[in-house]
Amino acid sequence: MITAIYPGSFDPVTFGHVDVIQRAARIFDRVVVGVVREPHHKTPMFTADERVAFIREAISDLDNVEVDVFAELVVEFARRWDARAIVKGLRVTSDFEWEFQMNQLNRHLAPDIETVFVMASPQVSFVSSSGVKEIAAFGGNVEELVPHAVARRLKEMFPNGRGGAPVSDAE
Ligand code: PNS
């Protein structure tokens, strides 16, 4: 039984992430999506519980995928789940530079855990969580970029596309 973790902020999950999860789930026996509770150097728009709920709903048809929150190093999270691999998605070359560094650091900390890179499918290679949030904040339509529950929540938060602070308690 080979387990892989797929760590990230998922703030929020996009169809780019879902594509990576689906493809990883075909390679590994079990995939654990790891939602980092407090991403380093950035304050998430969504709570960890919301980010987890969005992912769970988006991958409910995949029975070998689990979702968990973590607050430790990625390699420690991998050990907690007895994972042999870390899955990362790659879109553009600028992703590569950062992920190459992360890969080297993680290899230094845990040489027995391999990082496996999944190249974005062309139809979602331009999708990013930050891009989605920006479009939603200005009232743009993100329904083709993110799972339904995420699009619905963003529409509640930015009913008029204010381009600024979200409505935190929209109905
Ligand atoms: O690009 P993301 O989705 O914000 O990535 C988050 C994460 C945790 C996958 C990325 O920061 C990473 O690979 N970090 C490795 C270093 C580490 O273990 N940090 C602890 C958690 S922030």
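The values are calculated or read from the model by the stated rules, or taken from the named source; none is laboratory data. Keep in mind the model is a prediction, meaning the values are calculated, not measured. Positions of Cβ are generated from backbone atoms using ideal geometry, with glycine treated the same way; all protein chains shown enter the neighbour counts. Note: areas computed on protein heavy atoms with side chains; ligands, DNA, RNA excluded. Shrake-Rupley method; radii C 1.70, N 1.55, O 1.52, S 1.80 Å.
Exactly one residue among Phe77, Phe28, Phe100, Phe46 is more than 19 Å from Ala151 (Cβ to Cβ) and open to solvent by less than 10 Å² (accessible area, probe 1.4 Å), and that residue is Phe77.
I need the helices (runs of 4 or more DSSP H) fully contained in the range 2-98, keeping only those with at least 2 residues that are closer than 29 Å to Met157 by Cβ and more than 10 Å from the ligand (Cβ to nearest atom). Working first, answer last.
Numbers: elements: 15-27, 48-58, 74-80.
Filter on the range 2-98 gives 15-27, 48-58.
Can you confirm whether the range 146-161 contains a residue that is farther than 22 Å from Asp19 by Cα, of a type in the set (S, T, N, Q), open to solvent by 90 Å² or more (accessible area, probe 1.4 Å) and more than 16 Å from the ligand (Cβ to nearest atom)? Yes, because at least one residue in the range 146-161 is farther than 22 Å from Asp19 by Cα, of a type in the set (S, T, N, Q), open to solvent by 90 Å² or more (accessible area, probe 1.4 Å) and more than 16 Å from the ligand (Cβ to nearest atom). If you take the residues of the range 99-114 that are touching a strand residue (DSSP E or B) at 6+ places or on another chain (Cβ under 8 Å) and not in a helix (DSSP H, G or I), which of them is farthest from Ser125 (Cα to Cα)? Checking each candidate, the answer is Ile113.
Residue count for the range 115-151 under the criterion of being part of a helix (DSSP H, G or I) and of a type in the set (A, V, I, L, M): the result is 8. Taken over the range 102-157, the criterion of being farther than 23 Å from Pro39 by Cα and among the aromatic types (Phe, Trp, Tyr) is satisfied by Phe138 alone. Of all residues in the range 62-75, none that is under 14 Å from Val31 (Cα atoms) has its Cβ atom under 9 Å from the Cβ atom of a residue that is small (Gly, Ala, Ser) and near the ligand (Cβ under 7 Å from one of its atoms), 6 or more apart or on another chain.
Residues that are free of Cβ contacts under 8 Å to residues at least 12 places away in the same chain and not hydrophobic (A, V, I, L, M, F, W, C) occur in the range 110-122; there is at least one.
Being open to solvent by 40 Å² or more (accessible area, probe 1.4 Å) and not small (Gly, Ala, Ser) holds for only one residue in Thr93, Thr115, and it is Thr93. Applying the criterion of being within 19 Å of Val142 (Cα to Cα) and in contact with an Asp or Glu (Cβ under 8 Å, 6 or more places away or on another chain) to the residues of the range 1-25, the residue that is surrounded by the fewest Cβ atoms within 10 Å (Cβ to Cβ) is Phe15.
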